[in-house]
Amino acid sequence: MFTKTLFSLIFLTVSARAALGQAAQGPPDIYTGSFGGGIALTGGNTDTKTINLTFDLVRDPLTRNVIKAKAAYLRGNQNDVLNLDRAAVNLRDQYTISGRTFLFGQVDYLRDQFKEIIFLWAPSGGLGFKLANTDATKFEVMGGAGGIFEKNPGKTTSKSGSINAGENFQQKISSTSAFTHSLSTIWKTKDFSDSLTNFSIGLVTSVARKIDVKIEFIDSYKTKPPSATVKKNDTAFVTTFVVKF
């Protein structure tokens, strides 16, 4: 229910933005973003179906302050049995202090049925530095602190302080292709052995003026799952068609 509501709100927001943008006389490129989606089907001895949806929105008025929003949804089944159901959202406000140094405040949300995470909220703030910031190469590292609220089946909501660290990297391979990579980890201050790490590596290729194809490997690793029956590591290999606006 949350995921349907989330993507409905995203659709309405972007539709309203597009309508206002046509009527407004201001700068047309303050808002940029994309929608993405993909589906994988197999048949024969095993019938599988996996879908993925992505959304990305950036508000950049070409000042020191940039606001970013990202959302992703993965769902899959095998022989009509659900085996993947995950939604993630990130809202981020970033303020540039100098040419390469920035402050950020963000809120992360995660729901993962098969990791037995009913919800995980992680508000945080911190400092980042752009090691490279050219048209060909972009590489930034960041770290911060905040809180984390996690709800698992049959348990009360756990609350803790948190420390987080991460990096984002993008390298253009050609005028139409780029290599991407990201890594982030959040640790609970009540128990530093309890952490969640997200890793991704991918290749993006432009196939039309505003259409990209992205092939990505995603890995989510939780050092202390809610129960012994839950595996620590979850991986996904996805192909997404991305439409930019």
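The values are calculated or read from the model by the stated rules, or taken from the named source; none is laboratory data. Note that this is a predicted model, so its numbers are computed, not measured. Heads up, the Cβs are rebuilt from the backbone with ideal geometry, glycines too, and the neighbour counts pull from every protein chain shown. Calculation scope for accessible area: heavy atoms of the full protein, side chains included, ligands and nucleic acids excluded. Shrake-Rupley method; radii C 1.70, N 1.55, O 1.52, S 1.80 Å.
Given the structure, is Ile201 exposed (fewer than 15 other Cβ atoms within 10 Å of the Cβ) and within 18 Å of Gly38 (Cβ to Cβ)? Please lay out each step first, then the result.
On the way: exposed (fewer than 15 other Cβ atoms within 10 Å of the Cβ): no; within 18 Å of Gly38 (Cβ to Cβ): yes.
So Ile201 fails the test.
Can you find a residue that is more than 21 Å from Gly128 (Cα to Cα), in contact (Cβ under 8 Å) with a residue 24 or more places away in the chain and touching a strand residue (DSSP E or B) at 6+ places or on another chain (Cβ under 7 Å) anywhere in the range 162-170? Before the answer, list the steps.
Filtering the range 162-170 down to residues more than 21 Å from Gly128 (Cα to Cα) leaves none.
Within the range 162-170, none of the residues are more than 21 Å from Gly128 (Cα to Cα), in contact (Cβ under 8 Å) with a residue 24 or more places away in the chain and touching a strand residue (DSSP E or B) at 6+ places or on another chain (Cβ under 7 Å).
Taking the range 107-124 only, how many residues are open to solvent by 30 Å² or more (accessible area, probe 1.4 Å) and part of a strand (DSSP E or B)?
Taking the range 107-124 and keeping what is open to solvent by 30 Å² or more (accessible area, probe 1.4 Å), we get 107-108, 111, 113-114, 116, 118-119, 121, 123.
Add one more test, that the residue is part of a strand (DSSP E or B), and what stays is 107-108, 111, 118-119, 121, 123.
Residues that pass the stated criteria total 7.
Please pick out the residue among Val230, Val242 that is touching a helix residue (DSSP H, G or I) at 6+ places or on another chain (Cβ under 8 Å) and of a type in the set (Val, Ile, Thr).
Working: Val242 fails: touching a helix residue (DSSP H, G or I) at 6+ places or on another chain (Cβ under 8 Å).
On inspection, the qualifying residue turns out to be Val230.
Quick grid of which residues meet (1) over 30 Å from Thr229 (Cβ atoms); (2) of a type in the set (Phe, Trp, Tyr):
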site: Phe102; (1), (2): yes, yes
site: Asp135; (1), (2): yes, no
site: Phe149; (1), (2): no, yes
site: Asn152; (1), (2): no, no
site: Ser158; (1), (2): no, no
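Mind listing just one residue for me: the one in the range 182-193 that is of a type outside the set (Gly, Ala, Ser) and more than 21 Å from the chain's Cα centre (by Cα) and, of those, most open to solvent (accessible area, probe 1.4 Å)?
The initial filter retains those residues of the range 182-193 that are of a type outside the set (Gly, Ala, Ser), namely 183, 185-192.
Filter once more, so that each one left must be more than 21 Å from the chain's Cα centre (by Cα): 189-192.
Numbers: Thr189: 61, Lys190: 160, Asp191: 53, Phe192: 114 Å².
It comes out as Lys190.
Considering only residues that are open to solvent by 30 Å² or more (accessible area, probe 1.4 Å) and of a type in the set (Val, Ile, Thr), look in the range 220-241 and name the one that is nearest to Phe119 (Cα to Cα).
Among residues in the range 220-241 that are open to solvent by 30 Å² or more (accessible area, probe 1.4 Å) and of a type in the set (Val, Ile, Thr), the one nearest to Phe119 (Cα to Cα) is Thr223.
Those residues that are loosely packed, with under 15 Cβ neighbours inside 10 Å and within 30 Å of Pro153 (Cβ to Cβ), I need them from the range 204-218; list them, please.
Phe217
Does the range 44-80 hold any residues that are at pLDDT below 90 and β-branched (Val, Ile, Thr), and which are they?
The answer is Thr46, Thr48, Thr63.
Any residue in the range 127-137 that is within 14 Å of Ser162 (Cα to Cα), open to solvent by 30 Å² or more (accessible area, probe 1.4 Å) and in a strand (DSSP E or B)?
Keep residues of the range 127-137 that are within 14 Å of Ser162 (Cα to Cα), which gives none.
Scanning the range 127-137, I find no residue that is within 14 Å of Ser162 (Cα to Cα), open to solvent by 30 Å² or more (accessible area, probe 1.4 Å) and in a strand (DSSP E or B), so the answer is no.
Filter the range 108-158 down to residues that are in contact with a Phe, Trp or Tyr (Cβ under 8 Å, 6 or more places away or on another chain) and acidic (Asp, Glu) and give me whichever is nearest to Asn90 (Cα to Cα).
That would be Asp108.
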